[in-house]
């Protein structure tokens, strides 16, 4: 796409940042040629970070989450830049002698950061409009759309910067992106398996695992064809006929009106944050109380504030797939709920995957999904551990934690633990009885050995 030929190429217009997102060549050239674009892009990245986190994280308790996009973008942009530079060098075509790596990187970074406003789509508060499952499916679909859009857009930006056909840098960019995505998802999958292997996943966790597996599989099986296409595009670009004019060093001015984009978007997001941040701050305080072991205070705080005072999507600790100690203990939470006579919504909030977490806290890391495996292995646990498991699950049964399927699964689990405990007790009693019989036998043998020398002495005397 291109803009009208009579437009001024030396002045950035208000609509250029928007047309940039739709791949309009004249707007892309204006943005890349403007020295102030780097500052503008930096401001837009800040608004993108706000769009991602304004309804998800308490800025007061986790301000570092707003800085994450800057660090991640710098790392990924640098990797992509060196990849493109290597591919350009492999083409063997001489570039403009006035070009240099510092200038190229600055323009490259501007082009990468100027795609950040696509993340404004993440600001849609779908969680307030639909249930958790629908919201997750919507967010994953939106993530896929934005990711594909951003890769296609940035490949066009790179093509314009270095004077290439638009599809050539697409493969150059896809190769490192697919590698980064694969190892990031592989790390997440391995972490999830180590933490969640064998557990009964919630519906949202299962959807997320399936999505990650699909994307990781696509990256794994697609990397070879994409790599071959990247090599073919390098060969194609070796022909000067397939090269076009690079972005010149000519400066473009930026009117003050262009700053309306980060100013207005930032103001709108700050206004929207006013409706979400108070709930997020309250949830972060409750999380802190729970981790410190102040369970009663946390429940009292939740009871006093009411359900509507907390985020719609919120999973207080302990939770999967958290690493570490996984505090507080489910049994202590159950005791506090019973003593406080907490509302039902508090029970539902604090007891998500309570069975799985309780087993993990008692030293069982294989989950409860396979009851047959539990029946075979629990008998090797010690009696004290099994007794503590039964005590905790008895409390959960009294509180009727979870849906009907979860409660039925818990009842079967309790039966298995009781059987295992009974088997451990019987084995201990059998071992004790065998030990007693053995002691008696040894004692009898010793008595017999003691009597034999006495008899022989009498006989020898006679």
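The values are calculated or read from the model by the stated rules, or taken from the named source; none is laboratory data. Values in this document were obtained by computation on a predicted structure and should not be read as measured data. Glycine gets a Cβ as well: all are built from the backbone with ideal geometry, and neighbour counts include every protein chain shown.
Some points to look at:
- Residue within the stretch 384-391 that is modelled with pLDDT under 90 and out of contact with any helix residue (DSSP H, G or I) (no Cβ under 7 Å at 6 or more places or on another chain) present: no
- Residues in the stretch 69-108 that are surrounded by 18 or more Cβ atoms within 10 Å (Cβ to Cβ) and touching a residue at least 60 places away in the same chain (Cβ under 8 Å): 80, 83, 84, 87, 88, 91, 107.
- Any hit, the stretch 267-285, residues being within 30 Å of residue 104 (Cβ to Cβ) and either modelled with pLDDT of 95 or more or under 23 Å from the mean Cα position of the chain (by Cα) (or both): no
- Considering residues of the stretch 76-104 that are part of a loop (DSSP other than H, G, I, E, B) and more than 20 Å from residue 238 (Cβ to Cβ) only, the residue nearest to the chain's Cα centre (by Cα): 100
- Residue 111 satisfies every condition listed in (1) surrounded by fewer than 18 Cβ atoms within 10 Å (Cβ to Cβ); (2) under 29 Å from residue 261 (Cα atoms) except (1).
- Residue check for residue 378: at negative phi, modelled with pLDDT of 90 or more and outside any loop (DSSP other than H, G, I, E, B): no
- Test: residue 154 is modelled with pLDDT under 95 and part of a helix (DSSP H, G or I): no
- Residue ID - modelled with the highest pLDDT, chosen from residues in the stretch 344-363 that are more than 22 Å from residue 292 (Cβ to Cβ), in contact with a helix residue (DSSP H, G or I) (Cβ under 8 Å, 6 or more places away or on another chain) and surrounded by fewer than 20 Cβ atoms within 10 Å (Cβ to Cβ): 345
- Condition met for residue 58 (in contact with a helix residue (DSSP H, G or I) (Cβ under 6 Å, 6 or more places away or on another chain) and in a loop (DSSP other than H, G, I, E, B)): yes
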